[in-house]
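These notes concern the structure reproduced below.
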Amino acid sequence: MSRTAYLFETRSVQSFIFEGGKLRDMVTASDQLDALCNEPLSHVLQTCKLVENDNIWFSRKAGGAVYAILDSLDKAKELRALWSFYVRKHFPGVEIVQVIETAETVHQAMTAALEKMAQQRNILTAQYPAPGPLVRRSPRTANPVTEWDDSRKEWNDSRKEWIDEATRLKRKEKKTKDSLVPKFIPDGKNYIADQWPINLEHDGGDFPFIKDDRNVALVHADGNGIGELLMVLGKVVETIAGKANSEEENSDLIYVTLFREFSNAMEEATKAAAQDAMQTIFKTLPSDAEKIPARPMVLGGDDLTILIRADLALPFASEFCSAFARQTEEKLAGLYTTVREQLGSDTIEVKGQTYNINRLKSLTACAGIAFIKSNQPFLQAHDLAEDLCKEAKRQSRHVLTDKHALIPASISFHQVSSALIEKVKEIKTHEWAISIKKDESNENTPNNTNTRYLAMGAYGLDADLPAFSHLQELASLFGDKGLNRSGLRQVATLLKEDPDKAQQRYARWRDIEKSKQSKVTKEPLLDRYDQLISQLCTISNPAEIPFDSTSLKSPLVDLLLLTYLPKTPDAKGEAV
């Protein structure tokens, strides 16, 4: 019996969620997308007379992706037509990628479909109908308008606005039952819909800012090495399927079984890690808190995106990455045990290449955090957070000495200080890079360059990269009775203008701070400052502005960002 693979993925979902910039609309969009593979897919399957584990089998069915095996090519084509029609109608602007491939076995069909899927992802999809030059555009999204809307009147404001079809669907269609936020609720906590904010406006908003500080952060986290793990799992399935009794009915469905087990394990691990990270928020809130200072946006597969108050973003992100490693180790244990029993070994050899199934034991994650004002555009902020996450992954991979080892968990963050939200590459050039005179007497060392960077770019949560815990402790030395942050801020400003004057100001700052002591250890704070700086970057002279001798990076801007974040109130409402 031949097998037919049907693969479907959504793309550009971030644009669908964040376009328009209204939190209420973003919340609706994220819930609609999160529920896409639940009730809507079930209705489509019912219409096509497809029954799971009877004439259709899923290896993945979550996060806007559907990977299915069918025993009928005609049914696969019927499903493709109806499902793509539904998604295009209810999620305008969301790109879809889908392929159908038929082969003798599940593995062959899926392999061919995945190869074709990789090609299809690189093909731009036209959006129909194409608007003409005289069509009115929505001021919020620049897409063609479909309605003159007044559903977002605030207080006594009777203003209306032109909205596009995607915004109309977010505001006017029957709301889906909240499906995303409850996934973030830890055990023992009740889900109360009214506690989660839906309005960031200055007047009439319900987001619990700290006094007049209206800084928020978009956190985007993503698992590391998923592609390598899936490749190993594919080779494992190929080996196990080859050993299976070919005469046994549906024996080749071992592919579907193992990949579905992996997909479910990843969903559960990501959900559990998000719940662990939410504890960093809940423990700061009083028992009668009216609003939660966060709003989840995406949780699926190994991805997470959340809008969160600025002071809570770094603790949340670091805890999520740490919890992700713990939870994947726990949730993937069953899959690893199954595979190990089937193979009888920790390694397999396929076409002369050896694969180690220990890669199936656990995973790590990296995160990017974009700090912005609440009135800045969220779509560009999300792009920055995603780019920062990629920067963290890049630096984590750079420190790997064993290609088979786990990629270290890390985080990267940036405070947007201009109206234009740039990508990391431009930020490095425009904000982090400075020019310093070359040391002509030391031309054979890496220091003999005139470019330095005022930010480290990424911090590790366990090892290898500069430790985020050291940066946190360094920031804790500053405050009303601690080290003075204003002096360091002047140093950072002068470095862009006159590095020599910046060094003089740094020396003056150190002279002033020498007398300050720790309230607990009575140790001079400047001594502890020097110790922590030396752990973050390799320096030869603590009296000089710290730049790592190899990477030429400094933690100065990152340190200042942490010291200027608002203090998180504790459960009693006092700053901690």
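Antiparallel beta bridges, as assigned by DSSP with both residues in the chain, represent about 85 percent of the total such bridges.
Charge tally for Lys331 (other residues, Cβ to Cβ under 12 Å; Lys, Arg +1; Asp, Glu -1): -3.
Database remark: amide H of Glu147 closer than 5 angstrom to the amide H of Ile163 (H placed geometrically; neighbours at sequence offset of 5 or more, or on other chains; Pro and chain starts carry no H).
Neighbours of Lys425, meaning other residues whose beta-carbon lies under 10 angstrom from its beta-carbon, give a summed charge of -2 when Lys and Arg score +1 and Asp and Glu score -1. With contacts taken as Cα pairs under 8 Å at a separation of at least 6 residues, region 424-564 carries a relative contact order of 28 percent.
Report the relative contact order of the chain, percent, no decimals, based on alpha-carbon pairs under 8 angstrom and at least 6 residues apart.
Values: 991 pairs, mean separation 72.0, N = 576.
Once normalised by length, the contact order is 12 percent.
Taking every alpha-carbon pair under 8 Å whose residues sit at least 6 apart, region 180-421 reaches a relative contact order of 28 percent.
Among the lysines of region 424-564, pairs that are 8 or more positions apart or on different chains and have alpha carbons within less than 28 Å of each other number 29. Distance distribution note for the chain: the fraction of Cα pairs above 47 angstrom is 21%. Listed by Cβ neighbour count within 10 Å, with the fewest neighbours leading, Glu431, Glu268, Glu19 appear as Glu268, Glu431, Glu19. In region 270-330, one over the average inverse separation of all distinct C-alpha pairs is 12.0 Å, which is the Kirkwood hydrodynamic radius. For region 10-22, putting each phi into the Karplus relation 6.51 cos²θ - 1.76 cosθ + 1.60 with θ = phi - 60° gives couplings of 9, 10, 6, 5, 5, 4, 4, 6, 8, 4, x, x, 8 Hz, in residue order, rounded to whole numbers and with x for Gly and Pro. Using Cα centres only, tell me the gap between region 286-327 and region 480-558 in whole Å. Here the answer is 31 Å between Cα centres.
Ordering Ile192, Ile357, Ile226 by the number of other Cβ atoms within 10 Å of each residue's own Cβ, fewest first, gives Ile192, Ile226, Ile357. Its Cα centre serving as origin, region 345-389 has a Cβ charge dipole (Lys and Arg +1, Asp and Glu -1) of approximately 100 debye.
Applying the Karplus relation 6.51 cos²θ - 1.76 cosθ + 1.60 with θ = phi - 60° to region 350-355 yields 3J(HN,Hα) values of 10, 6, x, 10, 9, 10 Hz, where x marks Gly and Pro. Within 15 Å, Cβ to Cβ, of Ser263, how many net charges do the neighbouring residues add up to if Lys/Arg are +1 and Asp/Glu are -1? That sum, taken over residues with Cβ under 15 Å, equals -2.
Bear in mind these aren't lab numbers, they're just calculated from the coordinates by the rules spelled out. Because the structure is predicted, anything quoted here is derived from the model rather than measured. Cβ: placed from backbone, ideal geometry, glycine included. Neighbour counts: every protein chain shown.
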